[in-house]
Structure formats: structure tokens, C-alpha cells
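Engineer: Questions regarding the structure given below will be posed in turn.
Computed from the coordinates by the stated procedures, all read-outs in this text should not be read as laboratory data. As the structure is a computational prediction, the values presented were derived from the model and not from experiment. Don't worry about glycine lacking a Cβ; one is built from the backbone with ideal geometry, like all the others, and counts go over all protein chains shown.
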Amino acid sequence: MKEDINNCLKVLRQGGIILYPTDTGWGIGCDASNVKAVKQIYHLKERVSSKALITLVGSETMLERTVIDMPEIAWNLIEAADKPLTIIYDKVKTIASNAVADDGSCAIRLVKDAFCQELIQKFGKPIISTSANISSQPTPKNFSEISNKILQGVDFVVNFRQNEAQKHQSSNIIKLQNNGVIKIIR
């Protein structure tokens, strides 16, 4: 695991793309503040850039540094969640403009997965996480279902957890407005 994290850090710092295990399955990731790296992910996934990406943070402190005017209720929602929870916040800072929705909102998940937490904490800033598939194709449930195009299109593939047969689920997604209004997306 340590070697994988060190290799990921090298690639992320150079503006590259990684394929890595997350709390919801395998994801394609990059430095969430790097516009060029985010653009590479859109290109690899053949995804329209108008569809914003999910950002992962590794700690409560990092979440607070990223979200502008974080609603207090967010902490209750995160604590009460029994599965990964992605929250769409109204406004963020330090996230690449092409990873944020047109209205300035951004989907962020505070990860509880040990690999992701360590990677993000050592990197020191948020990373992008999007499903490891070409847009409009099925989301892979485990590593063995990831297409060759994705495997060959990233700069580093994590070895850790490739042999897991467990099928992962997507996170729940809610939109949380600064005024406390909650809308369930998924």
C-alpha cells in the first residue's frame, strides 16, 4: 500500500491521472485544483465537461478549507451516514473551475476509506474521483470490469485491492444549500 501511495503522489504532483480504489469502487483521479489534469479526465472518459466531477477530501479540516460557508447540518449528515455520502455544496474554493458545476457548486465526499484518507492527507489537498468507465458505459463494480482503454489511459494504476471480488456501490448524493435546504439526488 505504501509503494502505491508514493507512486500516486508522484503522478498527482506532476499533473497526471491515477486509477485507484475508493470507498465506492475504482476511480479515476487527479489533483482537484489542476485544470489541465481535470481536462485529461474528461477526455479519457469521453465525458462532456458540463457534467461536474466529485472531489474527495481526507479530513474534516480539508473539507472546511474547501467549502465556503459550510452549513452546520453537513456535519450531522456526514456523521449519520451509514454508507459513503457525497454532498453538493453551494460554493467551494481551490477546486479547478472545470471540476465545478456552472452554478459554482461542487460535489464533495469526506472519505472514510483508509487508503484514500492516507493518499489525500499525504497529498495535502483534494483529489478528483470519478467512476473508472467511459461515459455512457456501465460503471465497473470491481477492478476486473475496468476497460483496457481506461487502464491504458491513466498514468498509474494502483495494485492494492485489485483482487477484491467485492462489488462496490455508488455513494448517496445530496445537494445541501447554504440555507439548509436538502435535496436528495441519488
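Engineer: On a 24 Å Cα-Cα criterion, which of the cross-link pairs K36/K175; K122/K183; K83/K149; K93/K141; K149/K183; K125/K175 come out too long? Kindly include the intermediate steps, with their values, before the conclusion.
Structural biologist: Working: K36/K175 27 Å; K122/K183 33 Å; K83/K149 30 Å; K93/K141 32 Å; K149/K183 35 Å; K125/K175 22 Å.
Result: K36/K175; K122/K183; K83/K149; K93/K141; K149/K183 exceed 24 Å.
Engineer: Something else: Can you put W75, W26 in order, fewest other beta carbons within 10 Å first?
Structural biologist: Values: W75 14, W26 28.
In order of increasing Cβ crowding within 10 Å: W75, W26.
Engineer: Can you show me the helix-derived [θ] at 222 nm for the chain, built from DSSP H runs with n ≥ 4 at -39,500 (n - 2.57) apiece and divided by the number of residues, rounded to the nearest 500. Walk me through the numbers before you get to the answer.
Structural biologist: On the way: 6 runs with 54 residues, N = 186.
Counting only the DSSP helices, I get -8000 deg cm²/dmol.
Engineer: Counting other beta carbons within 10 Å of each residue's own, what order do Y20, Y42 fall into, fewest first? The partial results should precede the final answer.
Structural biologist: Working: Y20 26, Y42 18.
Least to most surrounded, the residues fall as Y42, Y20.
Engineer: While we're here: What is the percent of Cα-Cα separations in the chain that go past 27 Å?
Structural biologist: Numbers: 3459 of 17205 pairs.
Every Cα pair in the chain considered, those over 27 Å come to 20 percent.
Engineer: Taking the beta-carbon count within 10 Å as an exposure proxy, list D103, D31, D155 from fewest neighbours to most.
Structural biologist: Going from sparsest to densest Cβ surroundings: D103, D155, D31.
Engineer: Next question. Which of the peptides 117-125, 142-150 is most tightly packed, and how do the rest follow, judged by the mean count of other Cβ atoms within 10 Å per residue? All intermediate terms of the calculation are to be shown ahead of the outcome.
Structural biologist: Numbers: 117-125: 18.2, 142-150: 15.3.
The packing order, highest mean first, is 117-125, 142-150.
Engineer: Just to be sure I understand: with springs between alpha-carbon atoms less than 10 Å apart, which residue in I108, I128, I68 has the highest mean-square fluctuation in the Gaussian network model of the chain?
Structural biologist: Highest fluctuation of the listed residues: I68.
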